[in-house]
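S.K.: Okay, handing you the structure first.
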Amino acid sequence: MNKYTSGLTQNGARNFCYLPLSPAPPESFLQELVSCTGVIIGGGETEKYRSYIVDTEVGEYIGKMYKNGIPVAVFSAGALIIPEHCIIPPIDTSEKQHLFLKGIGLIRDCVISVHFTKWNEGENLKRAAGKTNVTAGYGIDDDAGIYFYNEIQTDSEGGIHIYKNEI
């Protein structure tokens, strides 16, 4: 968890709780989640993250929190599940197939690709943007970040690759 929280602790944050995902989280999980002033969804097995968050109470709570101004920071698998369209590339799926699934929906009209350069995701990002008919595709390299406010990209750092779809 330190890799996700170290930047926050350097800026004064001290109180963190770790909520492990599961197919049936206890009520205490949801109570702890709604008491948070920020949410971090890290990296891991994207298909599992999606099944534990999207279309679940956990995802509903995160969506409501986000709409009420609670910041949501995501990394790797977390970044793939937060848009309206959750696009999981073949390299990241158990069946090695390109998956086009429903995401949480915190941001719309875009698709996201992670580990962009490392996984050589250029063609997959273009295909995903075309198939989902979104305006933009964002390829995010390792150690890079992109920031959205009210669904609009406001800043970025590191290697970000933007594909504008010709709709």
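The values are calculated or read from the model by the stated rules, or taken from the named source; none is laboratory data. Note that the structure is a prediction, hence the values are computed from the model and not measured. No Cβ is skipped: glycine too gets one built from the backbone with ideal geometry, and neighbour counts run over all protein chains shown.
S.K.: Answer with yes or no whether residue 50 is among the charged types (D, E, K, R) and at pLDDT below 95.
M.R.: It is false that residue 50 is among the charged types (D, E, K, R) and at pLDDT below 95.
S.K.: Turning to a different aspect of this structure: Test of understanding: among 118, 131, which residue is basic (Lys, Arg), under 19 Å from residue 42 (Cα atoms) and not in a strand (DSSP E or B)? Can you show your working first?
M.R.: Details: 131 fails: under 19 Å from residue 42 (Cα atoms).
On inspection, the qualifying residue turns out to be 118.
S.K.: Can you tell me which of 167, 112, 140, 162 is more than 21 Å from residue 65 (Cα to Cα), surrounded by fewer than 18 Cβ atoms within 10 Å (Cβ to Cβ), aliphatic (A, V, I, L, M) and modelled with pLDDT of 95 or more?
M.R.: 162
S.K.: Mind listing just one residue for me: the one in the range 31-57 that is surrounded by fewer than 15 Cβ atoms within 10 Å (Cβ to Cβ) and part of a helix (DSSP H, G or I) and, of those, farthest from the chain's Cα centre (by Cα)?
M.R.: 31
S.K.: So, residue 72, is that one crowded, with 17+ Cβ neighbours inside 10 Å and out of contact with any strand residue (DSSP E or B) (no Cβ under 8 Å at 6 or more places or on another chain) or not?
M.R.: It is false that residue 72 is crowded, with 17+ Cβ neighbours inside 10 Å and out of contact with any strand residue (DSSP E or B) (no Cβ under 8 Å at 6 or more places or on another chain).
S.K.: In the range 143-159, how many residues are within 16 Å of residue 74 (Cβ to Cβ), part of a loop (DSSP other than H, G, I, E, B) and modelled with pLDDT under 95? So that I can check it myself, show each step before the final result.
M.R.: Our first condition is that a residue be within 16 Å of residue 74 (Cβ to Cβ); within the range 143-159, this holds for 143-149, 151, 153-158.
Those still in the list that are part of a loop (DSSP other than H, G, I, E, B) too: 143-144, 151, 158.
When the remaining residues are screened for being modelled with pLDDT under 95, the result is 143, 151.
So the answer is 2.
S.K.: Just give me the residues in the range 4-30 being over 25 Å from residue 80 (Cα atoms) and either surrounded by 10 or more Cβ atoms within 10 Å (Cβ to Cβ) or acidic (Asp, Glu) (or both), in sequence order.
M.R.: Within the range 4-30, 9, 13, 27 qualify.
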